[in-house]
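These notes concern the structure reproduced below.
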């Protein structure tokens with residue numbers, strides 16, 4: 001019967017603060033998506049299963065798995081450690097199998113004592129619910145049996161739990177016999193291979209025994225002994241050459257896989273060059289913008305005390321108006337005192353000043369000569385020209401006799417600029433805000449370009465070095481392939497020559513007369529050799545049929561996973577060389593396709609994983625255990641991801657996918673447009689399953705960080 005996870009919950013587990021009820025994810029058959037940005041709980045979610053099955057958790061700081069009991073304090077919620085005196089750190093999963101519900105909990109208890117935080121060891125609790133009756137499972141061996149046989153069997157766990165590059169390790173085609181062990185498991189021929197080894201040893205022992213008896217019988221036959229020695233030497237030469245050919249084939253297989261990997265990188269080299277150019281330009285723009293901000297901020301201090309337009313005078317516009325009103329009033333009073341209606345001119349020495357000139361233009365009269373100056377007349381334009389002339393502030397003399405005139409002239413130098421101070425300050429502020437916004441955009445763009453560079457196989461620190469190393473490695477593997485192929489061809493020619501010589505020697509040895517006792521040993525050796533040939537052929541036939549089945553399944557999955565791409569993904573070809581299986585991508589003419597990029601390479605691996613699973617499970621071709629994967633799509637584009645979600649339900653009865661590629665932190669629903677498309681297909685029933693999005697309601701440090709989630713589809 002199938003195992004189905006009903007729910008997964010956390011209690012004070014890393015940034016999952018709070019009780020199980022607050023941090024519970026309910027799942028169903030089909031594809032269950034947990035969409036979250038970086039540092040928002042994906043790997044921590046996966047760590048719950050690692051804690052349960054392996055007593056290990058992945059430490060992102062050291063990028064390695066560590067013992068869970070040694071990491072319990074780090075696993076505990078920072079908020080719980082800061083605020084709660086007693087609390088539990090736990091991971092709970094509820095699953096069903098054969099109408100029985102199992103509640104499995106892995107937990108540790110924490111308590112503050114005298115200012116010190118202590119905790120218990122990890123504990124495991126399993127409750128079995130059958131016919132509405134709860135039965136606690138207390139026996140340790142029975143608990144492990146439920147985990148290792150009922151929940152996810154040990155033999156299938158490597159296929160059920162995938163994190164990041166673990167898929168690369170699972171289908172590491174660069175290693176000798178990369179798929180052989182997997183095929184052994186799929187076909188169940190390990191026993192047959194053991195029989196092959198036994199029959200080979202028995203055949204060798206029978207042949208050795210025959211040779212010993214034959215040698216004893218022919219000690220006095222110098223010619224025959226000489227031929228037998230020659231035969232033995234020739235056989236040894238052939239065996240040595242075959243061993244060397246096998247080693248050379250191993251090197252060629254590894255070199256071809258490495259070549260394929262390098263071609264995937266090389267195919268992105270021009271893209272990396274372009275991205276690095278964008279990165280360099282971006283860095284220059286960031287530095288320029290930072291310098292611009294520095295200069296603006298530095299200029300503010302100077303503007304505060306600027307000689308011609310000091311910002312300190314902001315808000316004195318009303319004071320200038322009041323001064324001018326008082327001055328005009330004083331002039332009027334003097335005119336009344338003269339009582340002769342003559343124009344009273346109150347211009348300071350060195351006048352006219354700015355205020356006087358503005359008043360002349362307003363009143364259309366020249367206060368210097370007393371003549372009228374109608375608007376836009378020659379006299380009026382002359383006054384305006386004087387008003388608009390560049391002004392230089394003169395130092396006020398410490399002479400009381402000139403005090404009034406000097407004060408008026410000094411103030412008048414600022415009178416036209418003071419009303420502009422506020423707008424000037426606003427302009428500077430706008431410039432500074434605009435520059436800071438530009439800097440933020442450039443820095444955001446910097447991160448985006450770095451992500452593009454990483455996805456294209458580059459590295460911000462040593463991309464050019466890596467590219468040179470890739471090219472050097474590529475030349476090396478090509479040289480290795482051609483050298484080893486020539487070596488194999490040469491040794492095969494030598495083997496053919498030695499084989500002809502050996503056949504001639506064997507015919508000559510067969511011509512010597514043998515007594516009846518020796519003939520029995522020879523007949524027995526021949527019979528054991530025939531048995532060995534039959535067993536080996538049987539094993540090879542099963543091996544070939546398994547590979548054919550695996551190739552068919554893998555190509556079906558590969559075609560479905562890569563459909564809709566502008567570039568054809570070709571077809572997977574499985575070739576067996578003895579017990580080594582090589583996989584390449586071929587076009588319709590059976591030519592090898594190279595340079596497809598890392599996305600296609602990862603799809604090839606995923607297709608093989610799916611094919612392995614489909615082949616493993618027999619006729620139903622569905623994996624009846626949960627498939628749980630953390631960040632499997634780091635190299636995949638939107639089309640690949642969509643294809644996976646469409647194909648997955650046909651392979652996995654239930655999958656739980658922890659993904660960030662559908663997350664947009666700036667969107668109101670935290671989804672990219674592609675995420676909304678996937679969600680809509682789920683709501684339409686095209687993709688069965690659930691859809692969750694992790695969110696952090698408030699930004700905080702580890703002592704206040706709380707991750708919660710929203711359920712968009714159940």
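The values are calculated or read from the model by the stated rules, or taken from the named source; none is laboratory data. Nothing here was measured: the structure is a model prediction, and the numbers come from that model. Every residue, glycine as well, gets a Cβ built from its backbone with ideal geometry; the counts of neighbours run over all protein chains shown.
Brief remarks on what is shown
- Residue 63 over 30 Å from residue 649 (Cα atoms) and at pLDDT 90 or above: no
- The listed residue being surrounded by fewer than 22 Cβ atoms within 10 Å (Cβ to Cβ) and not in a loop (DSSP other than H, G, I, E, B), out of 19, 7: 7
Residues are listed down the side, and each one gets a yes or a no for (1) assigned by TED's automatic domain parsing to the domain that holds residue 82; (2) surrounded by 17 or more Cβ atoms within 10 Å (Cβ to Cβ); (3) within 31 Å of the chain's Cα centre (by Cα):
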{"residue": "108", "(1), (2), (3)": "yes, yes, no"}
{"residue": "116", "(1), (2), (3)": "yes, no, no"}
{"residue": "127", "(1), (2), (3)": "yes, no, no"}
{"residue": "131", "(1), (2), (3)": "yes, no, no"}
{"residue": "136", "(1), (2), (3)": "yes, no, no"}
{"residue": "160", "(1), (2), (3)": "no, yes, yes"}
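- Scanning the stretch 660-673 for residues that are within 18 Å of residue 646 (Cα to Cα) and modelled with pLDDT of 90 or more yields 662, 673.
- On the stretch given as the stretch 74-114, residues that are touching a residue at least 24 places away in the same chain (Cβ under 8 Å), farther than 28 Å from residue 137 by Cβ and either in a strand (DSSP E or B) or touching a helix residue (DSSP H, G or I) at 6+ places or on another chain (Cβ under 6 Å) (or both) total 1.
- Any hit, the stretch 549-556, residues being over 30 Å from residue 639 (Cα atoms) and either modelled with pLDDT of 90 or more or surrounded by 13 or more Cβ atoms within 10 Å (Cβ to Cβ) (or both): no
- Hits in the stretch 22-46 (condition: in contact with a helix residue (DSSP H, G or I) (Cβ under 9 Å, 6 or more places away or on another chain), more than 21 Å from residue 676 (Cβ to Cβ) and in a loop (DSSP other than H, G, I, E, B)): 29
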